[in-house]
Amino acid sequence: MRAVQGWMCAIDFDYELGEAMGGNTIYPSEENLRKNHPFVDKCGVAEVITMSKADFNELVIKAGIDPQTIRSSNIGPVIWTKEQIVLEK
């Protein structure tokens, strides 16, 4: 299982992740985010951990988590729908 640290604009993370047309960018370092996102000082910075859908599925199974309980987190409906399809396979 591989989890990778990344960096995003905090507004993208809080309000647009999984919903924005064309997706959102996750940068490999905070320095790279600041270099490529001119308004990051106004938006804020979010540190994120990413993993593949297969690894996410494996993690949920190993943790004994009922996938139905994930919906009560801050994951948006679009993300939830996509992950639920993966979990059902």
Residues that are surrounded by 15 or more Cβ atoms within 10 Å (Cβ to Cβ) and charged (D, E, K, R), drawn from the stretch 1-29: 12, 16
Residue pairs, Cβ under 8 Å, 6 or more apart or interchain, first in the stretch 24-36 and of a type in the set (Ser, Thr, Tyr), second assigned to a helix (DSSP H, G or I) and surrounded by 15 or more Cβ atoms within 10 Å (Cβ to Cβ). List them. 25/12; 27/33
Wholly inside the stretch 12-89, helices (runs of 4 or more DSSP H) that include 2 or more residues that are modelled with pLDDT of 80 or more and over 20 Å from residue 1 (Cβ atoms) are 30-36, 40-43
Would you point out the residue of the stretch 37-50, among those that are surrounded by 11 or more Cβ atoms within 10 Å (Cβ to Cβ) and not hydrophobic (A, V, I, L, M, F, W, C), that is nearest to residue 11 (Cα to Cα)? 44
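The values are calculated or read from the model by the stated rules, or taken from the named source; none is laboratory data. Remember, it's a predicted structure, so these values are computed and weren't measured experimentally. Methodologically, a virtual Cβ is constructed for each residue, glycine included, from the backbone with ideal geometry; neighbour enumeration extends over all protein chains shown.
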